[in-house]
Amino acid sequence: MSPEMRKLLDLLRTQIGYSEQAGGYTKYGDWYGKNVEFDSDYSAQPWCDMFLSWAAHRLGYQKWFGQFAFTPYHAEWFVEQGAWGTTPEPGALVFYDWSGSGAIDGIDHVGIVTSVDGDTIHTIEGNIDGQYAREKVRDQTYVVGYGYPDKVRVKQEAQAKALAGKAVALKPVAAEFSLAPAMTATPGTAGDLAGGREAPGAAALLVPLLIAILVLVACHKARRALAGPASARPRSE
């Protein structure tokens, strides 16, 4: 049994002896109606599953424990999570059908296993023995099956780890895009932008122009020097 489930059982043990108040009111049903199902009053409803859900929520386990008032729905949720079976173990939720049908849709009570002794299970259950929270010792005659919260927790943790790994793998790609040079538009440089290059500034454009002018001037002076004085050159016809 995991440390998480040990904490849950310890919390549930502090609730042993709790009983319904006048009109069937329980703090577990009141909590459920205010925090899980907001559209109904559950304060006086059968509370065996809400008792367990309340404890799981107090410890922050609700995502992998499930939050239910209707026991067949809770059992079906474990089936969907791949965490349903017929083997008792400490920390497992045990679902009963007092009619003995063995069908999930016939489930009408739930508790949590604290220990197993052969075919005998020790449990903590709410809404039992005259609407009390009690520790019970039972055989498995009316057990439909078991839900394993720890299996759901391990599955969800593995999924979260896989998603975190994918996020880390994508970070270098995101960084590459974030460090790419910004494309700035400068009048007359549409060709550069279309080619994916950063547009040069005005000063950068003037430098080669000035160099070209200086080269032309130098070439002109050189030609004049080679041709001699202007008065000695033959006149054109």
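Would you tally the residues in the range 126-140 being assigned to a strand (DSSP E or B) and touching a residue at least 60 places away in the same chain (Cβ under 8 Å)? Talk me through it step by step, then tell me what you get.
Taking the range 126-140 and keeping what is assigned to a strand (DSSP E or B), we get 126-128, 132-138.
Add one more test, that the residue is touching a residue at least 60 places away in the same chain (Cβ under 8 Å), and what stays is 126-128, 132-135.
The total comes to 7.
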Could you please give the count of residues in the range 31-43 that are touching an Asp or Glu at 6+ places or on another chain (Cβ under 9 Å) and either outside any helix (DSSP H, G or I) or touching a residue at least 40 places away in the same chain (Cβ under 8 Å) (or both)? 3
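Scanning for something modelled with pLDDT of 95 or more and aromatic (Phe, Trp, Tyr), does the range 143-156 turn up at least one residue? Steps first, answer last, please.
Keep residues of the range 143-156 that are modelled with pLDDT of 95 or more, which gives 143-156.
If we keep only those that are aromatic (Phe, Trp, Tyr) too, we end up with 146, 148.
Yes, the range 143-156 contains at least one residue that is modelled with pLDDT of 95 or more and aromatic (Phe, Trp, Tyr).
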A careful count of residues in the range 58-70 that are touching a residue at least 12 places away in the same chain (Cβ under 8 Å) and under 13 Å from residue 149 (Cα atoms) gives 6
Does residue 113 meet the test of being farther than 24 Å from residue 57 by Cβ and either of a type outside the set (Ser, Thr, Tyr) or touching a residue at least 12 places away in the same chain (Cβ under 8 Å) (or both)? no
Starting from residues that are within 25 Å of residue 63 (Cβ to Cβ) and among the hydrophobic types (A, V, I, L, M, F, W, C), keep the ones in the range 99-110 and report whichever is surrounded by the fewest Cβ atoms within 10 Å (Cβ to Cβ). 104
Looking at 26, 14 in this structure, which one is among the β-branched types (Val, Ile, Thr), at pLDDT 95 or above and crowded, with 20+ Cβ neighbours inside 10 Å? 26
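Could you tell me which residue of the range 44-98 is surrounded by the most Cβ atoms within 10 Å (Cβ to Cβ), considering only residues that are assigned to a loop (DSSP other than H, G, I, E, B) and among the charged types (D, E, K, R)?
Within the range 44-98, the first condition is being assigned to a loop (DSSP other than H, G, I, E, B), and the residues that meet it are 44-47, 59-61, 66-70, 81-83, 86-92, 97-98.
Add one more test, that the residue is among the charged types (D, E, K, R), and what stays is 89, 97.
Numbers: 89: 16, 97: 21.
Once the filter is applied, the top-ranked residue is 97.
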Among the residues of the range 154-173, is there at least one that is in contact (Cβ under 8 Å) with a residue 24 or more places away in the chain and crowded, with 17+ Cβ neighbours inside 10 Å? no
Taking first residues from the range 1-24 that are part of a loop (DSSP other than H, G, I, E, B) and second residues anywhere that are of a type in the set (Val, Ile, Thr) and at pLDDT 95 or above, the pairs with Cβ under 8 Å that are 6 or more apart or on different chains are 16/124; 18/26; 20/26
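The values are calculated or read from the model by the stated rules, or taken from the named source; none is laboratory data. Being a predicted model, the structure only gives us computed values, none of them experimental. All Cβ positions, even for glycine, are placed from backbone atoms using ideal geometry, and neighbour counts span all protein chains on display.
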